[in-house]
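Trainee: A single structure is presented below for examination.
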Amino acid sequence: MNHPVRMGLPPDPDLDHSASIPLYLLMTILTCGIANLYWNYRQMRSCNALLDRFEFNWTLWLLLCILTCGLYHFYYQFKMGDALNRIQRRYSLPVTEGLPALSLVTAILGFGIMADCVHQHVLNQIDEALRR
């Protein structure tokens with residue numbers, strides 16, 4: 001059973017999944033990381049819509065990241081990379097091999113923002129392909 005997305009909006013296949021990576025990077029730097037919270041929210045919302053199910057919960061992600069002193073974010077990065085690969089397969093798009101591992105390694109090395117950039121790049125490619 002598909003549940004409505006409890007983050008504010010129901011899954012919407014017409015949702016704009018693309019975003020400007022330089023803009024979000026700049027906003028993340030200027031806001032000392034606060035804009036990255038919204039960026040992750042948007043990516044989770046897009047994945048939920050493209051998977052047509054409620055897989056990512058932003059509020060739970062934030063709570064678990066706080067409770068585990070950030071360790072849950074490593075798991076989330078891996079799961080987001082895996083979800084993007086499943087979306088690519090679902091829509092018969094070229095799969096970004098190794099994305100889950102790349103996401104995890106960049107997060108562990110302290111470059112989680114780079115994983116967010118790669119995830120957004122993949123989402124931008126998916127959005128472009130679906131709009132053709």
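Laboratory data are not the source of any read-out in this text; all were calculated from the coordinates shown. Small disclaimer: the values here were computed from a predicted structure and weren't measured. Every residue, glycine as well, gets a Cβ built from its backbone with ideal geometry; the counts of neighbours run over all protein chains shown.
Trainee: What distance in nm separates the two pseudo spin-label positions at Leu63 and Glu128, each 7 Å out from Cα along the beta-carbon direction?
Mentor: So the two model labels end up 3.8 nm from each other.
Trainee: Further question: Would you kindly give the portion of the calculated P(r) for the chain that falls above 26 Å, as a percent of all Cα pairs?
Mentor: Here the long-distance tail beyond 26 Å is 16 percent of all Cα pairs in the chain.
Trainee: May I ask you to order 78-87, 105-114 by the average number of other C-beta atoms within 10 Å around their residues, highest value first?
Mentor: My ranking of the peptides, most packed first, is 78-87, 105-114.
Trainee: From the phi angles alone, apply the Karplus equation (6.51, -1.76, 1.60; θ = phi - 60°) to region 56-66 and give each ³J(HN,Hα) in whole Hz, x where the residue is Gly or Pro.
Mentor: Values, residue by residue: 10, 10, 4, 4, 5, 4, 4, 4, 5, 5, 5 Hz.
Trainee: Further, regarding this structure: Please compute the modelled spin-label separation between Arg53 and Thr31, points set 7 Å along Cα→Cβ, answer in nm with one decimal.
Mentor: Placing both labels 7 Å beyond Cα along the Cβ direction yields 3.1 nm.
Trainee: Once the piece of chain linking Tyr38 and Leu15 is laid out straight, how much longer is it, given 0.36 nm per residue of separation minus the C-alpha distance between them?
Mentor: Result for the pair: 6.7 nm of gain on full extension.
Trainee: A further question on this structure: Using packing as a proxy for protection, rank 42-53, 90-101 so that the peptide with the highest average count of other Cβ atoms within 10 Å comes first.
Mentor: Listed from highest to lowest mean packing, they are 42-53, 90-101.
Trainee: Further, regarding this structure: Residues with beta-carbon under 12 Å from that of Ser103, excluding Ser103: net charge, scoring Lys, Arg +1 and Asp, Glu -1?
Mentor: So the environment of Ser103 carries a net charge of -1.
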